[in-house]
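Here's the structure we're looking at; comments come further down.
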Amino acid sequence: MNKKNVTLKVLLLLIVSDILETTVHFLFKKSTLSAGPMQVTDLASALAFFKVVILSPFLWFGLFTVVTVFILWSLILSKIDLSVAVPIASFSYILVPLISIMGLHEKISAARWMGVFLILAGVILVSLSSKEKSGLAK
C-alpha cells in the first residue's frame with residue numbers, strides 16, 4: 001500500500017469535517033429540544049414527538065450536514081489512511097462539550113473534562129504509535 005502523507009490541504013479538510021460533525025450533533029440536539037419538555041411514554045406521545053422533530057429545520061439542516069460530512073470524509077479517506085484520519089479527526093471530543101456549553105448552556109463536570117482529556121491522550125498515543133509503525137516499515 002502506498003504511503004499517503006497528511007498535507008496541509010488534507011489537515012484543513014479534517015478540521016472542517018470535525019467542525020461539521022460537531023455541528024451535526026448540535027443540530028440534532030436542537031431538533032429534539034424544539035419538541036419542548038415532552039414525555040414519550042406511549043405510541044401517541046412518540047408520534048407527537050416525531051412530528052415536532054421531523055418538522056424542525058434543525059433536523060433537516062443536520063441531515064444536509066451529515067451528507068456533506070460523508071462526502072468530505074470520503075474525499076479525506078481517498079487521500080490518507082483510515083488509521084491516520086480517525087485519530088486526527090478526534091477533536092470533536094473537545095468541540096462537542098464546548099458547543100454544549102456555549103450553545104446549549106450545559107454544565108460539564110470536571111470528571112467529564114478529565115475523561116475527554118484521557119480519550120484525547122489515548123488518541124495521541126494511537127496516532128504516535130501508527131507513525132512509529134510506519135517508520136519501522138521503511
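Observations on the structure shown:
- Within region 61-77, at least one residue is touching a helix residue (DSSP H, G or I) at 6+ places or on another chain (Cβ under 7 Å), in contact (Cβ under 8 Å) with a residue 12 or more places away in the chain and farther than 30 Å from G122 by Cα.
- Residue satisfying all of: in region 16-45; of a type in the set (V, I, T) and surrounded by 13 or more Cβ atoms within 10 Å (Cβ to Cβ); farthest from the chain's Cα centre (by Cα) among these: V40
- Of the helices (runs of 4 or more DSSP H) lying entirely inside region 1-92, those containing at least 3 residues that are over 29 Å from E106 (Cα atoms) and of a type outside the set (D, E, K, R) are 8-33, 57-79, 82-88.
Bear in mind that the values in this text are calculations on the coordinates, not laboratory data. None of these values were measured; they are calculated from a predicted model. Note: ideal-geometry Cβ built from the backbone for every residue, glycine included; neighbour counts use all protein chains shown.
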